[in-house]
Amino acid sequence: MNATATAYQAPAAGSDAFFRVQDIHAYYGESYIVQGVSFDVQEQDIVALLGRNGAGKTSTLRTIARTETPALHRGEMWLHGEPLHAMKSFEAARSGIQLVPEDRRIIPGLTVEENLLLSQVEEPIGWPLERIYGHFPRLAERRRQEAITMSGGEQQMLAVARALARDLKLLLLDEPYEGLAPTIVKEIENILQSVKELGITTIIVEQNAIAALNLANRALILDMGQIVFDGSAQEVLDNDDLRHEYLAI
């Protein structure tokens, strides 16, 4: 490892953490994407999961959410003592893992409120609608509007709100700023700042590394499917060599 990065040591298997990933390996078909990733997340942490394109960031996030692809080959993941590695994606969601994917998955033909209510069809239920509208007044204004007709920033707001409508313990955000105009990015920054102030434990994957680091308190850097740095977000902001080598900024 280059001297610009702090030598990474995986957490001990018995470490006490709100969320723990221990030596996970995952594949897309024959492609070995996630190659022995381990890290801990404490409650209320905001963790920026960073790296160049193809480093394995989204694959790691999807593996945590227990999506069908990539397929978990081996390793363990624990949330508040529950074994996520033994769960299917719907079971992980019920246990409190909520993934907001890059494409947001807004359901066409449904209003804002119908999208939110659909998230509460199954137990356990998270925030009631009025609490969501209290934090996202723009969604309250557009509650009867077909959700797919809203701006990209408003759709991202709805995607985060849908996660809150479920029982939420760990929020996974995949590229929340992707494809948004600079003025809308500022709105999303404000939304995510609200999430931070609410103390919601979050892992964020984002190509806009500086924006993610300004939000986060922790940073993980992936390179070729392996973690090469685990430390404070401020360490990455302060280390030009580290950012240049692993993030190309």
Here the residues within region 78-127 that are in a strand (DSSP E or B) and in contact with a Ser or Thr (Cβ under 8 Å, 6 or more places away or on another chain) are LEU79, GLU82, LEU99
Confirm whether LEU129 is of a type outside the set (D, E, K, R), more than 22 Å from ALA216 (Cβ to Cβ) and surrounded by 13 or more Cβ atoms within 10 Å (Cβ to Cβ). yes
Find all pairs meeting these conditions: Cβ atoms under 8 angstrom apart; at least six residues apart or on different chains; first residue within region 59-77 and free of Cβ contacts under 8 Å to residues at least 40 places away in the same chain; second residue among the hydrophobic types (A, V, I, L, M, F, W, C) and assigned to a loop (DSSP other than H, G, I, E, B). ARG66/MET87
Considering region 128-161 alone, what residues qualify as being farther than 27 Å from ALA92 by Cβ and in a loop (DSSP other than H, G, I, E, B)? ARG142, ARG143, ARG144, GLN145, MET150, SER151
So GLN207 ticks every box in (1) under 14 Å from the mean Cα position of the chain (by Cα); (2) buried (at least 21 other Cβ atoms within 10 Å of the Cβ) but one. Which box is left unticked? (2)
So LYS186 passes all but one of these: (1) at pLDDT below 95; (2) assigned to a helix (DSSP H, G or I); (3) buried (at least 17 other Cβ atoms within 10 Å of the Cβ). Which condition number does it fail? (3)
Those residues of region 102-117 that are of a type in the set (A, V, I, L, M, F, W, C), surrounded by fewer than 17 Cβ atoms within 10 Å (Cβ to Cβ) and closer than 22 Å to ILE200 by Cα come to a total of 1
Can you report the number of residues in region 225-241 which are within 21 Å of THR58 (Cα to Cα) and surrounded by 16 or more Cβ atoms within 10 Å (Cβ to Cβ)? 9
Return the residues of region 189-218 that are small (Gly, Ala, Ser) and part of a helix (DSSP H, G or I); say none if nothing qualifies. SER194, ALA209, ALA211, ALA212
Whether any residue in region 83-100 is of a type in the set (D, E, K, R), loosely packed, with under 15 Cβ neighbours inside 10 Å and over 17 Å from the mean Cα position of the chain (by Cα) is what I want to check. yes
Pairs only if they're at least six apart or on different chains, beta carbon under 7 angstrom, first in region 175-188 and over 17 Å from LEU50 (Cβ atoms), second at pLDDT below 85 and part of a helix (DSSP H, G or I); list them, first residue then second. LEU180/ILE188
Of the residues ALA147, ALA55, ALA65, ALA140, which is modelled with pLDDT of 95 or more, within 21 Å of ASP174 (Cα to Cα) and more than 18 Å from the chain's Cα centre (by Cα)? ALA147
Between LEU129, LEU116, which is more than 22 Å from the chain's Cα centre (by Cα) and closer than 14 Å to LEU164 by Cβ? LEU129
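The values are calculated or read from the model by the stated rules, or taken from the named source; none is laboratory data. A quick note: this is a predicted structure, and the numbers were derived from the prediction, not measured. We place every Cβ from the backbone using ideal geometry, glycine too, and count neighbours over all the protein chains shown.
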